[in-house]
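Have a look at the structure below, then the notes.
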Amino acid sequence: MPQRSLWRGAISFGLIYVPVEMYSAAREHGLKLHFLDSRDFAPVGYERINKSTGKSVDWAHIVRGYEYQKGRYVALSEADFKHANVKASETIDISSFTKAADISPLYYQTPYYLAPRKGGEKVYALLAETLSSSGKVAVATFVMRGRQHLCVVMPAEDSLMLVTLRFAGEILPSVRPGANLKSAKPKAAELAMARKLVDEMTAAWKPQQFRNTYRDDLLKRIREKVGKNQAHVLASEPTKAPRPKAEVIDLMDALKSSLRLQSRQAARAGPKSAKLRKRA
């Protein structure tokens, strides 16, 4: 089934407009779990309750509102959100271009595909090629679902992607390790060994190699419980194996053991994998 577009408008920079549609580029892949009452395993629903009458409210009667005084509200419709700034609600407004590497990973949020609308293919292709050849991304803002977003428009093969960014005010101050980090400075031999381990474990990025193994294991356990007719049985906490404490580990011994383990794994993987790692 083809995707429905989430947003329609245009990319704007200078006097140039690129009519585009936006589509989801990612999806959650978790298991759909429900809240249950542990006494009879009946589903626990989500109720929309009118706080004055105590009665349930149908979605058709729910509107969004802003409390401008205690207990007094202004109701807002979709038209109100668009009228607040028509240009902002219909335009991905590019303010500047910058190197992608200059944007900290802290700011990145959600990816979307951008597809050209009819008549905008040539300008779309021009922007994609320009960004790709310059090694830059476009920093822009746009409004979707009543909220303004900061974003970057970037090339992705022969097309464009939009990735929403956090605003600076949404980033929390970093947690500093403190003065103890100075006393924990690694020795030259430890650093050399750690770099060697990193080199040994270096490989080409292949996202297809990674699976959500936790989801698979949880689904397997669900099937086992169903197969054993344990659908309404709650398991107790598993016994956890004790973890070694960081302060009692001999760092050099741990690095050497890690290198030996990596060498054995590489030998089992065969010469083809070893060549791939060397090329990477």
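The values are calculated or read from the model by the stated rules, or taken from the named source; none is laboratory data. Values in this document were obtained by computation on a predicted structure and should not be read as measured data. Please note: Cβ atoms are built from the backbone with ideal geometry, for glycine as well, and neighbour counts cover all protein chains shown.
Across the range 11-67, what is the total count of residues that are in contact with an Asp or Glu (Cβ under 7 Å, 6 or more places away or on another chain) and closer than 30 Å to residue 122 by Cα?
Just the residues of the range 11-67 that are in contact with an Asp or Glu (Cβ under 7 Å, 6 or more places away or on another chain), to begin with: 12, 44, 56.
Imposing the further condition that a residue be closer than 30 Å to residue 122 by Cα reduces the set to 12.
Of the residues in the range 11-67, 1 are in contact with an Asp or Glu (Cβ under 7 Å, 6 or more places away or on another chain) and closer than 30 Å to residue 122 by Cα.
The lone criterion from (1) at pLDDT 80 or above; (2) exposed (fewer than 10 other Cβ atoms within 10 Å of the Cβ) left unmet by residue 225 is number (2). Scanning the range 22-71 for residues that are in contact (Cβ under 8 Å) with a residue 60 or more places away in the chain and not in a loop (DSSP other than H, G, I, E, B) yields a count of 4. The single condition among (1) at pLDDT 90 or above; (2) in contact with a Leu (Cβ under 9 Å, 6 or more places away or on another chain); (3) of a type in the set (S, T, N, Q) that residue 38 does not satisfy is (1). Answer with yes or no whether residue 95 is surrounded by 10 or more Cβ atoms within 10 Å (Cβ to Cβ) and not in a strand (DSSP E or B). Answer is no for this residue.
Among the numbered conditions (1) modelled with pLDDT of 80 or more; (2) outside any helix (DSSP H, G or I); (3) not polar (S, T, N, Q), the only one that residue 80 does not meet is (2).
Of the residues 125, 75, which is part of a strand (DSSP E or B), without any contact (Cβ under 8 Å) to a residue 40 or more places away in the chain and not β-branched (Val, Ile, Thr)?
After applying the criteria, what remains is 75.
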